[in-house]
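Everything below concerns the one structure shown next.
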Amino acid sequence: MRSLYNRIAGTNLDRLAALSDGVFAVAMTLLVLDLRAPAAEAIHSEHDLLTALGALAPRVVTYLMSFMTLGIFWFGQQTQLDRLEKSDRDLAWLHIAFMFAVTLVPFTTGLLSEFIALRAALLVYWGNILLLGVLLYATWRYADRAKLIRGDTPQEVTAAICRRIVIAQSLYAFGAALCTVSTYLSIAFIALVQINYVVAPRWWRS
């Protein structure tokens with residue numbers, strides 16, 4: 001039997017949501033630090049400036065991708081938290097593990113932008129997305145098994161949340177596999193997946 005402390009620890013959903021919001025906010029802010037203005041001493045004309053800005057394109061693309069990634073996973077976590085009736089210590093630690101994966105995104109984004117043509121960098125970036133998906137899936141499955149979900153939540157909603165994560169991760173995995181052809185093709189496909197989840201076209205809504 002658990003100790004009294006372990007039975008009462010991690011039960012405040014508001015504190016968990018607040019911590020999550022803070023972690024996401026910091027991670028999203030850190031992403032932009034990888035975008036640096038061209039050095040003034042290297043710019044002597046409009047052409048030089050445009051050339052330098054063009055060289056930033058890979059970093060801008062990965063910045064936008066990762067900002068969307070964090071936005072998508074923030075929505076995913078908040079959707080889960082909104083459907084919970086209560087929390088417990090184990091669920092809180094699962095969400096903290098998820099937040100750990102969130103804090104890795106600025107690093108994997110910087111790695112990909114620096115080595116955008118290398119498969120290893122793309123696979124590390126995808127591994128970060130995979131870890132986010134696995135942990136988000138684990139939090140929801142645990143909440144369902146531990147009966148922490150609100151009683152008025154229809155079973156089809158519970159299933160839809162799991163299904164959405166599995167489908168998204170399958171698409172991301174396919175996109176990562178495209179790096180055997182070209183990392184740029186992988187990035188384009190992953191970006192399209194992210195745009196789809198951000199825009200949520202009518203035929204994709206559940």
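The values are calculated or read from the model by the stated rules, or taken from the named source; none is laboratory data. Everything numeric in this text was worked out from a predicted model, so none of it was measured. Positions of Cβ are backbone-derived with ideal geometry, glycine not excepted, and every protein chain shown enters the neighbour counts. Side chains are part of the model used for accessible areas, which takes the heavy atoms of the whole protein and leaves out ligands, DNA and RNA. Shrake-Rupley method; radii C 1.70, N 1.55, O 1.52, S 1.80 Å.
Key figures for this structure:
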item	result
Positive-pole candidate from L56, L30, I149, dipole of the chain, charges at beta carbon	I149
Principal axis dimensions, region 108-206 - Cα atoms, whole angstrom, descending	49, 30, 20
Estimated [θ] at 222 nm from DSSP helical runs (n ≥ 4, -39500 (n - 2.57)) normalised by residues in the chain, nearest 500	-25500 deg cm²/dmol
Ranked packing of 73-82, 158-167, most packed first, by mean Cβ within 10 Å	73-82, 158-167
Only Lys, Arg (+1) and Asp, Glu (-1) charged, at Cβ; region 23-129 dipole about Cα centre in debye	260
Between region 177-197 and region 114-156, the Cα center-to-center distance that results, in Å	18
In nm, spacing of pseudo-spin labels at T51 and R150 (7 Å Cα→C-beta vector)	5.9
Normalised contact order of the chain, rounded percent, pairs of Cα under 8 Å and 6 or more residues apart	25
FRET E, pair A25, V60, Förster distance 25 Å, beta-carbon r, rounded to 0.05	0.75
At least 15 Å along the helix axis (C-alpha) and Kyte average at least 1.6, DSSP helices within the chain	183-199
Long-range HN-HN contacts of I149 with modeled amide H, under 5 Å	E85
Accessible area of the chain belonging to carbon and sulfur atoms, whole % at 1.4 Å probe	68
Solvent-accessible area of K86 with every protein chain in place, 1.4 Å probe, in Å² to the nearest 10	100
Region 38-109: Cα Rg divided by the 2.2 N^0.38 Å rule of thumb	1.75
Alpha carbon Rg of region 1-132, scaled by the compact-globule rule 2.2 N^0.38 Å	1.38
Neighbour net charge for A146 - beta-carbon separation under 12 angstrom, K R +1, D E -1	+1
At 1.567 mPa s and 4 °C, Stokes diffusion of region 127-177 via Kirkwood alpha-carbon radius, µm² per second	110
